[in-house]
Amino acid sequence: MASSLLFSGKLLVILVVLVSTFAIGTMANKETTNWNWWPYRNHNASQPKKVVVGGSENWHFGFNYTDWALKNGPFYLGDTLVFKYDPPNGTTTFPHSVYLLPHYWSFLKCDLKWARKIADVNQGGGEGFEFVLRWWQPYYFACGERNGFHCQNGTMKFPVMPLIHWD
Ligand SMILES: [Cu+2]
């Protein structure tokens with residue numbers, strides 16, 4: 001009887017240690033995601049940054065931009081997203097563009113009906129098209145070409161919820 005009490009005591013200690021380790025791990029992970037329910041965060045580098053969407057991949061068909069945004073966020077108010085894509089020419093078979101979709105449902109469906117075009121097929125050349133995250137709101141970016149086909153089948157879409165600098 002005494003030994004089994006001792007045993008369950010030990011088990012409890014192990015459980016507590018395991019659970020707290022897990023909790024710390026989860027909190028650490030949260031720091032790297034874009035989807036923090038609390039918009040304020042301590043942040044040393046308060047200079048707005050300029051980020052090329054997709055990094056060296058730029059803005060093209062078939063790259064997972066939602067995944068890219070999750071891994072490269074969080075983004076902050078005042079940050080600039082740069083969309084780079086070739087304007088149409090003799091060799092470019094698939095021109096691109098940038099649209100803002102109005103809400104999560106249209107984002108899921110790649111429904112362009114109420115979307116706002118923010119950059120046409122020619123604006124991604126050179127230094128690229130720059131978009132500043134000015135408002136504290138979710139942004140749903142998508143390529144609008146081929147009536148949503150690039151968005152749906154080419155995964156040319158991603159959400160951004162900018163955070164607010166606390167310092
Ligand atoms: Cu496209």
From the set of residues in the stretch 138-154 that are assigned to a loop (DSSP other than H, G, I, E, B) and more than 13 Å from the chain's Cα centre (by Cα), which is nearest to the ligand (Cβ to nearest atom)? Cys143
When the stretch 89-114 is checked residue by residue, the ones that are closer than 25 Å to Ser56 by Cβ and loosely packed, with under 14 Cβ neighbours inside 10 Å are Asn89, Gly90, Thr91, Thr92, Thr93
State which residue pairs qualify: first residue without any contact (Cβ under 8 Å) to a residue 24 or more places away in the chain and inside the stretch 67-89, second residue more than 16 Å from the ligand (Cβ to nearest atom) and in a strand (DSSP E or B) in any location, beta carbons under 7 Å apart, and separation of 6 or more residues or different chains. Asn72/Val51
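Quick one: which of Gly124, Gly73 is under 21 Å from Lys49 (Cα atoms), buried (at least 18 other Cβ atoms within 10 Å of the Cβ) and within 11 Å of the ligand (Cβ to nearest atom)? Let's see the steps before the verdict.
On the way: Gly73 fails: within 11 Å of the ligand (Cβ to nearest atom).
Matching residue, one of Gly124, Gly73: Gly124.
Can you pull out every residue in the stretch 90-105 that is touching a residue at least 40 places away in the same chain (Cβ under 8 Å) and away from the ligand (no atom under 16 Å from the Cβ)?
The answer is Tyr104, and nothing else.
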If you check every pair at least six apart or on different chains, which have Cβ atoms under 6 Å apart with a residue in the stretch 125-151 that is within 18 Å of Thr80 (Cα to Cα) first and a residue that is among the β-branched types (Val, Ile, Thr) and more than 11 Å from the ligand (Cβ to nearest atom) second? Gly128/Val82; Glu130/Thr80; Glu130/Val82; Val132/Thr80; Tyr139/Val160
Would you be able to tell me the number of residues in the stretch 76-89 that are within 22 Å of Gly55 (Cα to Cα) and either within 13 Å of the ligand (Cβ to nearest atom) or outside any strand (DSSP E or B) (or both)? 9
Under the condition of being in contact with a strand residue (DSSP E or B) (Cβ under 8 Å, 6 or more places away or on another chain) and within 13 Å of the ligand (Cβ to nearest atom), which residue from the stretch 50-70 is nearest to Ile164 (Cα to Cα)? Val53
Kindly list, by first and then second residue, each pair from a residue in the stretch 106-118 that is at negative phi to a residue that is basic (Lys, Arg) and assigned to a strand (DSSP E or B), limited to pairs with Cβ atoms under 7 Å and residues at least 6 apart or on different chains. Phe107/Lys157
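Each value in this text was obtained by applying a stated rule to the coordinates, not by laboratory testing. Predicted model, so just to flag it, every value in this text is computed and none were measured. When we count neighbours, we look across all protein chains shown, and the Cβ atoms used for this are built from the backbone with ideal geometry, even at glycine.
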